[in-house]
Every structure is written in structure tokens, then in C-alpha cells.
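J.: One structure is given below, represented as C-alpha cells, and several questions about it will come after.
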């Protein structure tokens, strides 16, 4: 009985993996359940035994992407509300963007996000709202801590907008590599791009150069 339950769960996972890839490549309208079934190694009838409709399958894919978002936000959790914690968070975020690979779950999720933005926007809107609700308060606290430490210029930017601006930069770095080859003509190595993205956004937030550079790990100050 346990083996049977495991096989059932494995088949469902295989269908979801195949569906995620299909929806990322072709969108909801372009993806076909027969192609998803073939990619998963099951019959189309079995797909419908697990998911009563194509919409139900798509919704299940989006639920998994939301779970991925929670894990990604946890990885980017600010270690402390301070200048150093803020800069460390910037490093981790842009490192994930610069070194992301086209076949990763993050890339697949990014493709679906971009398709949503170009379509009805509902999935993208949900992800952006959740990310801001979960992470922007701690981000604002870190900015305030940097200000108290004397490391932040008085830049009149709402922390909620600053949070979104940072995401936009990272998203485009990721999107520029989805094809498998660098599309955006950045100058230098990935290490250089990472370092300069952190410096660019750190300065945009109002972090003073001395504090920003002091918080950058010594091994990364030159790329």
C-alpha cells in the first residue's frame, strides 16, 4: 500500500514538473495537456485523474511557485537590521540572480512571471504583493537602522518602492540569461556584474560609499 501511495505521489509530481515546463515555455493557452502527459510519461487520462481540468493543473503549478517564493524570501532573510545586514542581503539577492541557470526552478518561475506580466497579470500581482507583505517591513527596518548608524543619505524614497526597484533590477538580470546565453551586453565577469549591481543599488538606496564598501566582504571588493 505504501508503495502504491508513493507511486501515486511520484506520478503527480512528474505531471506537475512537466506542466511547469510547458506553461513556462508556451503559456496557459499554448500548453497542451497531451504534450504534458507525454513529457511526464503518463496518459492524458491519468493527468485528468489527478487534475480535473487544465485550469486546475495550472493552479497547482502556480501554488508550487508560491512555495518556491517563500523559500527564496527565507534565503534572503535579513540577518540583522543594520547596514551590514542590508548589504549582505543585497549580495545574496544579486548573487542568486547573476549565477542563476536557465534550467533552474527559479528560471522556470521567472518565465511564468513574465508571461503573467504580459497577460492578465493576476499571478504576477499575487507574487509581488506577497513578496512585499512578507519582506518589505524587515527591509524598511534595516534602512532605518542604517540611517540611525549614520550610513544612509536622506534619499526621499518610500521603502516599499525601493523594495520593488531592487526586485526589478534583479529580475532583468535573471531574464537576460533565460535563453541560455547572456543577452544583455554587460561588461566583465559575473563576479564584476554582481559587485557592481550591489554598489549601484546600494548607492540608489542612499547608502554612503564608505559604509557600503566597509560592509562588502573583502574577497568581493575587486572583481
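The values are calculated or read from the model by the stated rules, or taken from the named source; none is laboratory data. Just so we're clear, the structure is a prediction, and the values are computed from it rather than from any experiment. FYI the Cβ positions are ideal-geometry reconstructions off the backbone, even for glycines, and counts take in every protein chain you see.
J.: I need the full set of residues from region 23-45 which are on the phi < 0 side of the Ramachandran plot, in contact (Cβ under 8 Å) with a residue 24 or more places away in the chain and surrounded by fewer than 16 Cβ atoms within 10 Å (Cβ to Cβ), in order please.
T.: Within region 23-45, 25 is the sole residue that qualifies.
J.: Also, I was wondering about something else. Working carefully through the options 196, 167, find the one that is within 25 Å of residue 63 (Cβ to Cβ), assigned by TED's automatic domain parsing to the domain that holds residue 86, free of Cβ contacts under 8 Å to residues at least 60 places away in the same chain and not in a loop (DSSP other than H, G, I, E, B).
T.: Just one listed residue meets the conditions, 167.
J.: With (1) under 28 Å from residue 18 (Cα atoms); (2) surrounded by fewer than 17 Cβ atoms within 10 Å (Cβ to Cβ) as the list, and residue 127 as the residue in question, which single condition is left unmet?
T.: (2)
J.: Considering only residues that are touching a helix residue (DSSP H, G or I) at 6+ places or on another chain (Cβ under 7 Å) and under 11 Å from residue 98 (Cβ atoms), look in region 176-199 and name the one that is surrounded by the most Cβ atoms within 10 Å (Cβ to Cβ).
T.: Top of the filtered list is 198.
J.: Would you check if residue 173 is under 18 Å from residue 201 (Cα atoms) and surrounded by fewer than 16 Cβ atoms within 10 Å (Cβ to Cβ)?
T.: No, not satisfied.
J.: Right, next: Tally the residues that are surrounded by fewer than 13 Cβ atoms within 10 Å (Cβ to Cβ) and free of Cβ contacts under 8 Å to residues at least 40 places away in the same chain, restricting the search to region 60-89.
T.: The total comes to 6.
J.: If a residue has to be over 15 Å from the mean Cα position of the chain (by Cα) and touching a residue at least 40 places away in the same chain (Cβ under 8 Å) to count, how many in region 104-149 make the cut?
T.: Residues flagged as over 15 Å from the mean Cα position of the chain (by Cα) and touching a residue at least 40 places away in the same chain (Cβ under 8 Å) within region 104-149 amount to 10.
J.: Which helices (runs of 4 or more DSSP H) does region 1-116 wholly contain that include 3 or more residues that are not assigned by TED's automatic domain parsing to the domain that holds residue 199?
T.: Result: 2-30, 33-40, 44-50, 54-75.
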